[in-house]
Amino acid sequence: MVEKAYVQMVTSQDRIRVRFKKDRGKITAFVVQYETLVKDQWMAIVRYDTAHGQPHTDVMSPDGTKEKRLLHFPNFSDAFSYAQEDVKANWELYRERYFREGTK
């Protein structure tokens, strides 16, 4: 089994944290998390993961609540690919939503 983790800086205040386990070429677990710097602390804004054996998304709010959305893919590898693509393509929208909710 192979386990890898890395952080990809998007800007000086935004990053994507990735961790995954792979066994015989197949993803067996993963986390893809978009984080932004808020008052000198990295805050998770959106997280895709396989906690509890079910791929899902957690969308965080500034008040500390989170919305869980189940992912429906035939396997973890497809869900992992989707998670990476979505976070890379939409991190700015997630950031904007998070800060907009914080001003309500």
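The values are calculated or read from the model by the stated rules, or taken from the named source; none is laboratory data. All of these numbers come straight from a predicted model, not from anything done at the bench. For neighbour counting, all protein chains shown are included, and Cβ atoms are generated from backbone atoms with ideal geometry for every residue, glycine included. Heavy atoms of the whole protein, side chains included, go into the accessibility calculation; ligands, DNA and RNA do not. Shrake-Rupley method; radii C 1.70, N 1.55, O 1.52, S 1.80 Å.
Under a plain spin-label model, where a point goes 7 Å from the Cα along Cα-to-Cβ, how far apart in nm are residue 86 and residue 72?
1.3
Accessible area, 1.4 Å probe, largest first: how do 1, 43, 9 sort?
Correct descending sequence by accessible area is 1, 9, 43.
Given the peptides 49-55, 81-87, arrange them by the average over their residues of other C-beta atoms within 10 Å, most packed first.
The densest-packed peptide leads the list: 81-87, 49-55.
Run the Debye formula on the Cα coordinates of the stretch 50-104, all scatterers equal and no solvent, and tell me log10 I(q)/I(0) at q = 0.21, 0.23, 0.24, 0.28 1/Å.
Those come out to -0.86, -0.96, -1.00, -1.13, one per q.
Considering only protein heavy atoms and a probe of 1.4 Å, how much of the accessible area of the chain is carbon and sulfur, as a whole percent?
Exposed carbon and sulfur together represent 49 percent of the surface.
What is the spin-label model distance, in nm, from residue 13 to residue 93 if the labels are put 7 Å beyond Cα along the C-beta direction?
Once both label points are built, they end up 2.2 nm from each other.
Once the piece of chain linking residue 44 and residue 26 is laid out straight, how much longer is it, given 0.36 nm per residue of separation minus the C-alpha distance between them?
3.9 nm
Take the Cα atoms of the stretch 5-104, find their three principal axes, and give me the spread along each one in whole Å, biggest first.
45, 26, 20
What accessible surface, in Å², does a 1.4 Å probe find on residue 91, ignoring ligands, DNA and RNA and rounding to the nearest 10?
Counting only protein heavy atoms, the figure is 40 Å².
Quick one: among 24, 69, 47, which has the greatest mean-square fluctuation in a GNM of the chain with alpha-carbon springs under 10 angstrom?
Most flexible of the set in this elastic network: 24.
Roughly what angle does helix 76-102 make with the longest principal axis of the chain, taking Cα atoms, 0 to 90 degrees, to the nearest 10?
Around 10 degrees separate the two axes.
Heavy-atom accessible area per residue, the chain, 1.4 Å probe: how many Å²?
For the chain, the per-residue accessible area is 63 Å².
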